[in-house]
Structures are given as structure tokens and as C-alpha cells.
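Report on the structure given below.
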Amino acid sequence: GQGGCGSAINSLVLGTGVALLAGLLGSALALYVHQSRIALRRWVAVLVCLPMITPPFLVGFGLAQLFGKAGLVSTVLKTLFGLTSTRWFFGAYGVAMAQILVFFPLAYFMALHALDSLGRSQIDAAKYLGASDAKVLRSVVFPVLRDPLAVAMLVIFVESLSDVGTP
């Protein structure tokens with residue numbers, strides 16, 4: 001058998017996946033909030049903070065109530081599509097889902113701060129000069145997000161490795 005090496009590899013794979021997906025989710029939400037001129041920006045910040053301030057087992061418990069055998073989502077999936085198995089949730093996918101939910105606010109706040117330091121004027125100027133949205137993302141936004149997002153994903157990776165409450 002693999003012994004303890006298998007657990008270490010699983011933890012590294014989980015941490016890497018959680019860091020990548022939480023970083024992607026956090027930066028996408030930050031970009032949306034930054035670009036949308038939302039009047040409820042503070043409410044978004046409060047809602048994003050909620051998973052961070054709750055105990056880890058509470059997030060896991062809430063997700064189990066949604067995706068467990070008699071959970072709301074499981075019941076809807078069984079009723080509408082005849083899907084009966086929710087065993088996938090009680091394993092690596094469920095742990096990854098819970099950790100992404102808990103840790104993506106780190107990436108969100110770091111990306112939002114970087115975008116706020118960039119300001120809307122540079123993005124608007126690039127669009128005014130004829131750059132497509134893809135070109136603006138590639139040449140203006142991503143260079144600003146690269147370093148803060150790398151730091152956020154490193155912190156999320158370490159947090160994922162040290163998280164014992166969610167599993």
C-alpha cells in the first residue's frame with residue numbers, strides 16, 4: 001500500500017485544487033463587483049465574510065444538510081432527475097466544496113483591493129482606445145491581479161493543508 005504517502009498526495013492535490021478554484025472564484029467575483037458599480041458593495045463584503053467567520057464544521061454541516069441523503073438539493077435532484085446517489089459529497093469533492101466556500105473570500109478581498117488600486121480610469125482608457133474586453137483583461141487587469149492572486153492562492157493552499165475542521 002501507499003501508507004502515509006497517499007494521504008500526503010491527496011492533501012497536496014486537494015490544496016492545489018482548492019487554491020486554484022477559490023482564486024478563480026474570488027477574482028471573478030471581485031472583477032464583477034469592481035466593474036458593476038454596485039450600490040450594495042458593503043453587503044457583498046459582509047456576505048462574502050460570513051463563511052470566513054463561521055466555524056469550519058458549521059460550513060460542512062450546512063453543506064451536508066443541502067447535499068446529504070435527505071438534503072434539499074439531493075431531494076430536488078432525486079425528484080426532478082431521478083439521481084439517487086449523493087455519496088460523492090461525502091469525500092474529496094465535498095471537502096473541496098466546503099474549503100472553496102470558506103477560503104475564496106481571501107482571494108476576493110486581495111483581488112478587489114488590487115482592482116481598486118488600478119481604478120476604473122485605466123480600464124475605461126483602454127476601452128476608449130479600442131481594446132476589446134479580452135485585450136483589456138489580458139493587458140490591463142491580469143498584470144495587476146497576478147501577484148495579489150498568487151499570494152492569495154498560496155495562503156489558501158496552506159490554509160487547506162492545515163484545515164482539519166472541514167473534513
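Quick look at the values:
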quantity: Accessible area of region 1-73 divided out per residue, in Å², using a probe of 1.4 angstrom; calculated: 65 Å²
quantity: For the chain, calculated [θ]222 nm from helices alone, where every DSSP H run of n ≥ 4 adds -39500 (n - 2.57); calculated: -25500 deg cm²/dmol
quantity: Residue order for W43, W88 - accessible surface, 1.4 angstrom probe, largest first; calculated: W43, W88
quantity: Given charges at Cβ of Lys, Arg, Asp, Glu: region 8-124 dipole, positive-most of G26, F81, I53; calculated: F81
quantity: Cα centroid of region 1-64 to Cα centroid of region 88-167, whole Å; calculated: 10 Å
quantity: Rg and Dmax of region 87-167, Cα atoms only, in Å; calculated: 16.9, 52
quantity: With DNA, RNA and ligands ignored, accessible area of S11 (1.4 Å probe; Å², nearest 10); calculated: 50 Å²
quantity: Size of charge dipole - the chain - debye, nearest 20, with Cβ of Lys, Arg +1 and Asp, Glu -1, no other charges; calculated: 400 debye
quantity: Identified option (computed percent of Cα pairs over 29 Å apart; candidates [x] 45; [y] 33; [z] 21); calculated: [y]
quantity: Heavy-atom accessible area ranking, 1.4 Å probe, most first, across V136, V46; calculated: V46, V136
quantity: Among F67, V95, Q35 - extreme Cα towards positive end, dipole of region 5-155, charges at beta-carbon; calculated: F67
quantity: Accessible surface of the chain [probe 1.4 Å, protein heavy atoms]: carbon and sulfur percent; calculated: 70 percent
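The values are calculated or read from the model by the stated rules, or taken from the named source; none is laboratory data. All values reported here derive from a predicted model rather than from experimental measurement. Quick reminder, even Gly has a Cβ in these numbers, built from the backbone with ideal geometry, and neighbours come from all protein chains shown. Heavy atoms of the whole protein, side chains included, go into the accessibility calculation; ligands, DNA and RNA do not. Shrake-Rupley method; radii C 1.70, N 1.55, O 1.52, S 1.80 Å.
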